[in-house]
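Trainee: The structure is given below, and queries will be raised subsequently.
The values are calculated or read from the model by the stated rules, or taken from the named source; none is laboratory data. Note that the structure is a prediction, hence the values are computed from the model and not measured. Here the Cβ positions follow ideal geometry from the backbone for every residue, glycine too, while neighbour counts run over all protein chains shown. In case anyone asks, the SASA skips ligands and DNA or RNA and just uses the protein heavy atoms, side chains included. Shrake-Rupley method; radii C 1.70, N 1.55, O 1.52, S 1.80 Å.
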Amino acid sequence: MRANNLTPKALPIQDPVVTVIGESLVDIIIDPRTTGPADAHPGGSPMNVAVGSARLGLATSLVTHYADDPNGLLIDKHLHSNGVSVIRGGSAPTSTATATLGPDGAATYVFDISWDLNGASLAALAAVQTSAHVHSGSIAAVLPPGDHATLALLDAAKENATTSYDPNCRPAISPDVAAARSQAELFVASSDIVKASDEDLAWLYPYRTAEESLAAWLELGPSLVALTRGAAGPVILTNQGRVEMAAESIAVADTVGAGDSFMAALIAGLAQLQALGAAARPKLQTLTSAEVHALAVYANRAAAITCSRPGANPPHVAELGPLSPTTLVKGA
């Protein structure tokens, strides 16, 4: 949707269509310490990015899988209530991640996850080829049989769209670190924008620092690579330089979905800088240090808002505000 209500001083959001490719699932929390029913809520990193992008004013579609079962209906309601258009493939039951809490509150997880876009290939291809930006990552990038289709869609998008990737590693789903590393590098090489957490990079590359890994990924071809470090705050690298800042000081409810909110805000911020879409690659490749600083502030704030409240609940555009020239001047 258009951000027509921004102040005259704000940088306008374009009208980019954003397509996200990846898993939707239901997180089920079982707490034996209580007598109430299990708590179930929609989850999945790509789904969270799609919701975050839509809440920040971008017309967003999600290429995903869930079934017409009770868990799938929960996901469907969540997506449509947030204005996300859905393209569904696959035929398996809706994926779940069940967490059972121990006496100390620590969780043990059991996953029942499938990833397949069978039946949605043509609609998914049409979506990515008519988008200004396409994002993917997480389980969708590593779990067969859908991982190959995901990478093919990302490659197919590049003629018209900019692309982004977040590995959001799940060792319990893909325990072969060498295979996960190889797959991650394929997606990095196919992306204009990459975001990873320090935990992702520590698992993928235990023999070097997170920033060394980030710099190595920049050499594979992206124009911008971002590292989130929890309370230590983000680092963003481009071929023009480096931006680092501390996380915002807030009362943390939990960190669920914070990285996904950061990713969605990066995409929305780049839209406001008119740096999405294949024709805008020269702009993306030459962002100024002030623009990158403004992006980092914007995405950092989105993650902080999400951390301030329970669950994966990304900010709306009215909460986060626009990326504005004032911000850019302060970041210069």
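Trainee: Hey, which of the strands (runs of 3 or more DSSP E) in region 26-91, taking only ones fully inside, have at least 1 residues that are more than 17 Å from Thr163 (Cα to Cα) and open to solvent by 30 Å² or more (accessible area, probe 1.4 Å)?
Mentor: Once the strands (runs of 3 or more DSSP E) in region 26-91 are filtered for at least 1 residues that are more than 17 Å from Thr163 (Cα to Cα) and open to solvent by 30 Å² or more (accessible area, probe 1.4 Å), what remains is 39-43, 85-88.
Trainee: If I go through region 201-212 residue by residue, how many of them are open to solvent by less than 30 Å² (accessible area, probe 1.4 Å) and either β-branched (Val, Ile, Thr) or assigned to a helix (DSSP H, G or I) (or both)?
Mentor: Within region 201-212, residues that are open to solvent by less than 30 Å² (accessible area, probe 1.4 Å) and either β-branched (Val, Ile, Thr) or assigned to a helix (DSSP H, G or I) (or both) number 3.
Trainee: I've got another one for you. Would you confirm whether or not region 108-121 contains a residue that is part of a helix (DSSP H, G or I), open to solvent by less than 10 Å² (accessible area, probe 1.4 Å) and not small (Gly, Ala, Ser)?
Mentor: No, that holds for no residue.
Trainee: Within region 213-238, which residues are open to solvent by 10 Å² or more (accessible area, probe 1.4 Å), in contact with a helix residue (DSSP H, G or I) (Cβ under 6 Å, 6 or more places away or on another chain) and in a helix (DSSP H, G or I)?
Mentor: The answer is none; no residue qualifies.
Trainee: Follow-up. Tell me the residue from Ala152, Ala180, Ala156 that is under 28 Å from Arg88 (Cα atoms), part of a helix (DSSP H, G or I) and free of Cβ contacts under 8 Å to residues at least 12 places away in the same chain, please.
Mentor: Ala152
Trainee: Collect the residues in region 86-132 that are among the β-branched types (Val, Ile, Thr) and within 30 Å of Ala275 (Cα to Cα), keeping them in residue-number order.
Mentor: Within region 86-132, Val86, Ile87, Val128, Thr130 qualify.
Trainee: If we keep just the residues of region 246-273 that are of a type in the set (A, V, I, L, M, F, W, C), farther than 15 Å from Lys195 by Cβ and in contact with a Pro (Cβ under 7 Å, 6 or more places away or on another chain), which is most open to solvent (accessible area, probe 1.4 Å)?
Mentor: Ala253
Trainee: Note down all Cβ pairs under 7 Å where the first residue falls in region 60-71 and is free of Cβ contacts under 8 Å to residues at least 40 places away in the same chain, the second is of a type outside the set (Gly, Ala, Ser) and open to solvent by less than 20 Å² (accessible area, probe 1.4 Å), and they're at least six residues apart or on different chains.
Mentor: Listed pairs, sorted by first residue: Ala67/Thr94; Asp69/Thr94.
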